[in-house]
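Report on the structure given below.
The values are calculated or read from the model by the stated rules, or taken from the named source; none is laboratory data. What you see is a predicted model, and the numbers here were worked out from it, not measured in a lab. Every residue, glycine as well, gets a Cβ built from its backbone with ideal geometry; the counts of neighbours run over all protein chains shown. Ligands, DNA and RNA are excluded from the accessible area calculation, which covers all protein heavy atoms including side chains. Shrake-Rupley method; radii C 1.70, N 1.55, O 1.52, S 1.80 Å.
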Amino acid sequence: MARTRLGGILLALLSVAGLVTGCDSEFTGVRLRIAAGVKDGVYHTLSVSLAGSWQAQLGIDRPDVLETGGSPDNLRKLCAGDADIAFSAADVAARPTTGTRHPRALARIYDDYLHVVVRGDGPIRSLAGLRGTNVAIGSPESGVAFIANRLLDISGLSAPGVLTKHNLNLTDSINAFKRGEVDAFFWSGGLPTRPITGLAAVVPLRLLDLTDELPAMRNQYPVYNTASIPVTTYNLAGGPVTTLAVPNFLLVTDAMPDAIAEALIGGLFDSHAELIKANRAALSIDIHSAIETDPIPLHPGAARYFRDRKP
């Protein structure tokens, strides 16, 4: 199926002479699939908006938005040919891949912020305070679980019996948190993440400050940055917090034709205003920082787009 779709893309391109990015007829027959993460997550929200924009801009069928477990699942689908476009956190994308297809970046889009959520009126005030508690760390195929396990390992909280981990997605984490079945949950996402905004409207929330854990995490994993989550983001108890931030990339593979990659990144910036309406995380999408995709190389089509627009 993946080879058939890619073959259709190539045939559509070869059948048209004098390609000019943006012409509707240029991409006739192209069908795309976006690995978009969990429903209601920022990836998924932006994917739905982009699917509509790319449909109108490229004159193609509306791309399929695939609900997935998160970044690891997205990368697996992308490199296996089960998706043509994928969102991924940089820490996951940086892992070595196997097979004949390798990820290439269209752009750095925005940063994810690590949330460690506890009750604002509860006793937990630090990561060490999670000892002896029940903690939701994200679904098994998610970038949330990926970064949560790294942090817990470095903090010495992953040893058997220290705390009880639950692999729950964001929706299930929030529901378990409301019922008191978990004392804390991890989330890595843009600001704000709507389901957490909704939770904050009914439950007082605190995010744990990770200042003490940051040096060790950044020393071992330089892909992470330091960031602050303002108190106004979720009306937080205890004030703003310092946490980890990880860049997010919009990815294709080295099998993607240059003309399509260039059109996709052009469509991303042409629809910037609509993306911001879909989720405020898109405010961070900027043509100057978009090229900062290390350690993932830019796709040649995306590189051409940025080169042609260089001041």
FRET E, pair residue 237, residue 128, Förster distance 22 Å, beta-carbon r, rounded to 0.05:
0.75
The range 144-239 - Kirkwood radius from inverse mean 1/r over Cα pairs (Å):
14.7 Å
Measuring from centroid to centroid over Cα atoms, what is the spacing of the range 180-227 and the range 89-115 in Å?
20 Å
Summed residue charge, Cβ within 10 Å of residue 125's Cβ, Lys/Arg positive, Asp/Glu negative
0
Once the Cα gyration tensor of the chain is diagonalised, what are the square roots of 5 times its eigenvalues, in whole Å and ordered largest first, as equivalent ellipsoid semi-axes?
37, 19, 17
So, for the chain, what is the accessible surface per residue at a probe of 1.4 Å, expressed in square angstrom?
42 Å²
Find the percent of Cα-Cα distances in the range 145-189 that exceed 16 Å, and round it to a whole number.
40 percent
So, over other residues within a Cβ distance under 14 Å of residue 273, counting Lys, Arg +1 and Asp, Glu -1, the net charge is -1
With a Förster distance of 25 angstrom and the Cβ-Cβ distance between residue 194 and residue 272, calculated FRET efficiency to the nearest 0.05 equals 0.80
Counting only protein heavy atoms, what percent of the accessible surface of the range 193-311 is carbon or sulfur at a 1.4 Å probe?
51 percent
To the nearest 20 debye, what is the magnitude of the charge dipole of the range 114-207 about its Cα centre, counting +1 on the Cβ of each Lys and Arg and -1 on the Cβ of each Asp and Glu?
200 debye
If you add up the charges near residue 183, with Lys and Arg at +1 and Asp and Glu at -1, over every other residue whose beta carbon is less than 11 angstrom from its beta carbon, what do you get?
+1
Starting with the highest mean, order 36-43, 195-202 by the number of other Cβ atoms within 10 Å, averaged over the residues of each peptide.
36-43, 195-202
Which residues' amide hydrogens lie under 5 Å from the amide hydrogen of residue 169, considering only partners 5 or more residues apart or on another chain, with H built in the peptide plane?
139
Report in % the part of the accessible area of the range 64-117 that belongs to carbon and sulfur, leaving out ligands and nucleic acids; probe 1.4 Å.
44 percent
Evaluate the charge dipole of the chain about its Cα centre and quote only its size in Debye, nearest 20, assuming +1 on the Cβ of each Lys and Arg and -1 on the Cβ of each Asp and Glu.
240 debye
Please compute the contact order of the range 183-285 in relative form: average sequence separation of alpha-carbon pairs under 8 Å and at least six residues apart, divided by the residue count, as a percent.
26 percent
Could you give the angle, 0 to 90 degrees to the nearest 10, between helix 170-179's Cα long axis and the longest principal axis of the Cα atoms of the chain?
20 degrees
Would you kindly state how much longer the chain becomes between residue 80 and residue 175 on full extension, computed as 0.36 nm times their sequence separation minus their alpha carbon distance, in nm to one decimal?
30.9 nm
